[in-house]
Amino acid sequence: MAPVRSLCLLGMLPALGDAGKVEIQAMKHDIMQIQAPTFDTIIGKFRDSAVSSLWFFKEDNSADQKFLDEYNKVAVDLKGMAKVCAISCTEFPVFCDKQGVKETPTIMIYPPNPVPAFKYEGKMEQKGITGKIARFMSDNSQKLTKDKIDTFLSTDPSKPKVLLFSNKKSSPLMWKALSVDTVFKRTVKFGFISEDETDILQRFKVKKFPTVIMQRGAKGETKETYKGELKFMALKDFINPYAESGMGDKMAGPAGGKEETMEGAKPWLVQEVPEL
């Protein structure tokens, strides 16, 4: 019977070989695999406003094989909010050497400029990696109080205003990421209101948290409460159809001088008339 067992084992070898290779699949993973020539296009070009991570791996390294699923959890957590990328040092060894990578798995984090890129030194686990990337997320949203709300709503009337009412003290990662989106940061304004701003809550008739309301129109005449899932991609789809209305809000000053905004603060446009 020994020859039969030998044949069975031989038949299994190709399958084990296939299973022992790091393979990032577009239909299965949310990790973006890049090549050395595309590093600048995908990561370097966006260093002014975005945070990215890059996992350096070797395709036949058992430690990298075990790490694949853990790193994919990070990509799922941050989908759409940060670039969670990977590059094969088997395929691009020169690039990895230039980046100072001596062993894998190694993760480099690329925060927005001017913070330099650095090697992640924590535990190679989802929670730690996600937390480190999130720490460098920029935030273009504004924390609003009753003294600031009218100015916020009336400045740039062509831009939709999206308000998050929360029982937390600061903007969540998802809200920060929306506010620095490549298109939204130019065309949409994001506000954050905590539960202790009771005057604003009463004005917008907010009774539960979290609540997202979009106000749009030249006089803020349209208010729409978001009813979908409070997830990044779902909110992005909700906001996106109205984003383009915020473009083109600048005009040249007299004699081709400095740009002037056509949309200065006009709080009387959005202040509610008291009911008799």
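Structure notes:
- Restricting attention to the range 195-244, the residues being among the charged types (D, E, K, R) and either part of a strand (DSSP E or B) or farther than 25 Å from ASP156 by Cα (or both) number 10.
- For the range 145-156, the count of residues that are of a type in the set (Lys, Arg) and farther than 22 Å from ALA218 by Cα is zero.
- Of all residues in the range 190-209, those satisfying the criterion of being in contact (Cβ under 8 Å) with a residue 24 or more places away in the chain and open to solvent by 30 Å² or more (accessible area, probe 1.4 Å) are GLU195, GLU197, ASP199, ARG203, PHE209.
- Residue ID - farthest from SER166 (Cα to Cα), chosen from residues in the range 178-228 that are in contact with a helix residue (DSSP H, G or I) (Cβ under 7 Å, 6 or more places away or on another chain) and of a type in the set (Phe, Trp, Tyr): PHE184
- Residue match in the range 146-154 (condition: acidic (Asp, Glu) and not in a helix (DSSP H, G or I)): yes
- The residue pairs whose first member lies in the range 124-145 and is more than 21 Å from LYS169 (Cα to Cα), whose second member is in a helix (DSSP H, G or I) and of a type outside the set (Ser, Thr, Tyr), and whose beta carbons are closer than 8 Å, counting only pairs six or more residues apart or on different chains, are MET124/PHE67; MET124/GLU70; GLU125/GLU70; GLN126/GLU70; GLN126/LYS73; GLN126/VAL74; GLN126/ASP77; ILE129/VAL74.
The values are calculated or read from the model by the stated rules, or taken from the named source; none is laboratory data. Here the structure is a predicted model, which is why all the values come from computation and not from measurement. Using ideal geometry, Cβ is built from the backbone for each residue, glycine included, and neighbour counts are taken over all protein chains shown. We work out accessible area using only protein heavy atoms, side chains counted, and drop any ligands, DNA or RNA first. Shrake-Rupley method; radii C 1.70, N 1.55, O 1.52, S 1.80 Å.
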